[in-house]
Amino acid sequence: MSAEQNQQAQERLGEILEARAFERFSEVWAEDVVDHDPGPDQAPGLEGIVAFWQDFTTAFPDLSLEPDPLVVTDDFITAVFTIRGTHTGPFQGHEPTGKAFTVRGIQVSKFRDGKIAERWGATDEKGLAEQLGLAAHA
């Protein structure tokens, strides 16, 4: 696949996330995607990716992601992003705090046949916990 096709898939992922249309994740994630940095208790494959995002957007229904620099090649996309949200639903065993957060993260996606086949990523989890007042429990 080409860098341009990978970029189009990445943009479609953004649209799917914004619409909360998780049933469409198979358009951009391979069924057997390998998540090298899964969330706590995340199931493998596409099922785990869907469940993570369903849980995350339930905890933070106003969630937004702003991609910053993107590095796009024929095989990989590296996206740096700012993520914002307000904690109004349960999150990893914590009741809603009503507090907002803004943190940075990075994701590297390896593409196969126009879909994300492998994923590596990190988000400022410490900053998120501190801003939500969960740092003592994190």
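What follows is calculated from the coordinates using simple rules that are stated; it is not laboratory data. Note that the structure is a prediction, hence the values are computed from the model and not measured. Cβ: placed from backbone, ideal geometry, glycine included. Neighbour counts: every protein chain shown.
Just a few scattered comments:
- Set of aspartates and glutamates with alpha-carbon distance to K99 below 14 Å, sequence-local pairs under 8 removed: D62, E130
- Projecting the Cα atoms of W53, G98, L63 onto the dipole axis of region 28-138, where Lys and Arg carry +1 and Asp and Glu carry -1 at the beta carbon, places G98 farthest toward the positive end.
- Short-range pairs are left out: with C-alpha atoms under 8 Å and at least six residues apart, the relative contact order of the chain is 24 percent.
- The chain: calculated mean residue ellipticity at 222 nm from DSSP helix runs of at least 4, using -39500 (n - 2.57): -9000 deg cm²/dmol
- Where a label projected 7 Å from the Cα of T78 along Cα→Cβ would reach, residues of region 89-120 with amide N under 16 Å: 105-111, 119-120
- Basic side chains Lys and Arg get +1 at the Cβ, acidic Asp and Glu get -1 at the Cβ, and with that the dipole of the chain about its Cα centre reaches some 300 debye.
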